[in-house]
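Data first, discussion second: the structure below is written as structure tokens.
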Amino acid sequence: MAGAKADEPQPHPPKDQLPNISYCITSPPPWPEAILLGFQHFLVMLGTTVLIPTALVPQMGGGNNEKARVIETLLFVAGINTLLQTMFGTRLPAVIGGSYTFVPTTISIILAGRFSGEPDPIEKFKRIMRSIQGALIVASTLQIVLGFSGLWRNVARFLSPLSSVPLVSLVGFGLYELGFPGVAKCVEIGLPQLILIVFVSQYVPHVLHSGKNIFDRFAVIFTVVIVWIYAHLLTVGGAYNDAPPKTQISCRTDRAGLIDSAPWIRIPYPFQWGAPSFDAGEAFAMMMAAFVALVESSGAFIAVYRYASATPLPPSILSRGIGWQGVGILLSGLFGTVNGSSVSVENAGLLALTRVGSRRVVQISAGFMIFFSILGKFGAVFASIPPAIIAALYCLFFAYVGAGGLSFLQFCNLNSFRTKFILGFSIFLGLSVPQYFNEYTAINGYGPVNTGARWFNDIINVPFQSKAFVAGVVAYFLDNTLFKREGSIRKDRGKHWWDKYKSFKGDTRSEEFYSLPFNLNKYFPSV
């Protein structure tokens, strides 16, 4: 009798929730481990928190004292916003920190001609800061209205796995210019950090078989400490004494000037720079930046739910989270952080590296943010980590977020030419259009749209410089207009997988993940 025919290989079945996660949203690790993991999230979000003020404050006329105060304020507000988001927003383990999306509009305000006549650099800094505050306060109303009114819920209802792939993927992959180019500015530090974190997190656990997930879970702490000590030895040994200024900024551990300038104890407070000033044009430009950040954060929230092993994010919960993110931008404007708030992409990638999606861990990290923002000297020590080390971490975390977007392809029909067109065309334009706008700006000093009104130029140029925004908008439009009435289209785009989670009511898993604490759903129902 002939032998039985070998079984045909079967494809991997789609998973609504990501398997192999050690701790999901509602299953926190033991307290000692949770505290270390929370500190690790704090270290990761410090990169953006330090880099943005370091780039902007000197252009505003501020010195090391002003830079230290802005970093402390941004860290303090990030801690508050993270707590608000994890308790009352989406309730996902998402860190809410500074955003590069607001930087072009902020630079436009800095370069406004009305500040050029101010002879005192500190007074110039305060005037520019108050203008940025006013623009952020007005811009926050956009996300607050769209989120809490439920309007963004109506947009999110038509989001499918197919249209989410370009959006989420380019939220991560689209930040590639912050990765290896930053490593290459100090390759003798950045490259060892990149190699070491890949080796420790991916190879060592499989070689040692410890079973306790120590190396992959705490790879950031292990590798950053080792390379930081190595960088400090190079610094005190005089390796960078004659190096160009840009190299010293990326390599040295004593060039930040923050430790001496930071106060021992200081609590940031609203209107610390004076009463905000308002300009209609700048407010409209900042509102467009807030809208771009809204779209990007929607993609980041989707990546976070995936790596936290939660059920798909109901549109009402996403809308609620956007509303609270608008509150975060309002707080940024009130306190004067020189930057708006959005979901930290690097911390979303850290969830994937550690396989810990616990809400408690991120809330502990928010506690570290607030603690070290008040004790400025201690926080400044960690803020002096060389930027090349941060850029190496970005290479790993942004890649994880981008791959999280690609994972939604499992719900789509990849044999459909409609699917191939939407994916290919949206991703291509998401990379190509911003490349054109960025190259044009780098060569000419201004964007392709260049009128006499700087605020109008920003309204047009800023959205087209965001890879995730362009790809997400193109994919969303095509997915909801291209041959949608045909019967098989709904399954091809994977919409049937997510329609089960339009509302968490009646679904015990989603209700456990996203319901408000203290029975607040009775008084504040989902929008």
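Exactly one of these conditions fails for Y446: (1) hydroxyl-bearing (S, T, Y); (2) open to solvent by less than 10 Å² (accessible area, probe 1.4 Å); (3) closer than 20 Å to I110 by Cα. Give me its number.
(2)
If you go through region 406-429 one residue at a time, how many are of a type in the set (A, V, I, L, M) and outside any helix (DSSP H, G or I)?
Going through region 406-429 one residue at a time, the tally reaches 1.
Which of the residues that make up region 394-438 are touching a His at 6+ places or on another chain (Cβ under 9 Å) and surrounded by fewer than 21 Cβ atoms within 10 Å (Cβ to Cβ)?
Q410
Could you please find all residues in region 105-137 being buried (at least 22 other Cβ atoms within 10 Å of the Cβ) and not polar (S, T, N, Q)?
I109, F125, I128, M129, I132, A135, L136, listed by residue number.
When you scan region 363-392, how many residues do you find that are more than 29 Å from P19 (Cβ to Cβ), assigned to a helix (DSSP H, G or I) and open to solvent by less than 30 Å² (accessible area, probe 1.4 Å)?
Qualifying residue count, region 363-392: 11.
Being assigned to a loop (DSSP other than H, G, I, E, B) and open to solvent by less than 10 Å² (accessible area, probe 1.4 Å) is the filter here, so list the residues in region 27-83 that pass it.
Across region 27-83, the qualifying residue is only P29.
Would you mind telling me which numbered condition in (1) within 18 Å of the chain's Cα centre (by Cα); (2) outside any loop (DSSP other than H, G, I, E, B) R360 fails?
With (1) within 18 Å of the chain's Cα centre (by Cα); (2) outside any loop (DSSP other than H, G, I, E, B) applied to R360, the lone miss is (1).
Output the number of the condition that V449 fails; it satisfies all remaining conditions of (1) part of a helix (DSSP H, G or I); (2) over 29 Å from Q17 (Cβ atoms).
So V449 meets the others, but not (1).
Starting from residues that are among the hydrophobic types (A, V, I, L, M, F, W, C), open to solvent by less than 10 Å² (accessible area, probe 1.4 Å) and touching a Pro at 6+ places or on another chain (Cβ under 8 Å), keep the ones in region 285-338 and report whichever is nearest to I459 (Cα to Cα).
In this case the residue turns out to be A289.
Could you list, in sequence order, the residues of region 223-244 that are under 30 Å from the mean Cα position of the chain (by Cα) and without any contact (Cβ under 8 Å) to a residue 24 or more places away in the chain?
Once the filter is applied, which keeps residues that are under 30 Å from the mean Cα position of the chain (by Cα) and without any contact (Cβ under 8 Å) to a residue 24 or more places away in the chain, region 223-244 yields V225, I229, H232.
Give region 360-378 a look and list any residue that's closer than 29 Å to L294 by Cβ and at pLDDT below 95, or say none.
F372, S373, listed by residue number.
The values are calculated or read from the model by the stated rules, or taken from the named source; none is laboratory data. Just so we're clear, the structure is a prediction, and the values are computed from it rather than from any experiment. Cβ sites come from the backbone with ideal geometry, for glycine too, and all protein chains shown count toward neighbours. We work out accessible area using only protein heavy atoms, side chains counted, and drop any ligands, DNA or RNA first. Shrake-Rupley method; radii C 1.70, N 1.55, O 1.52, S 1.80 Å.
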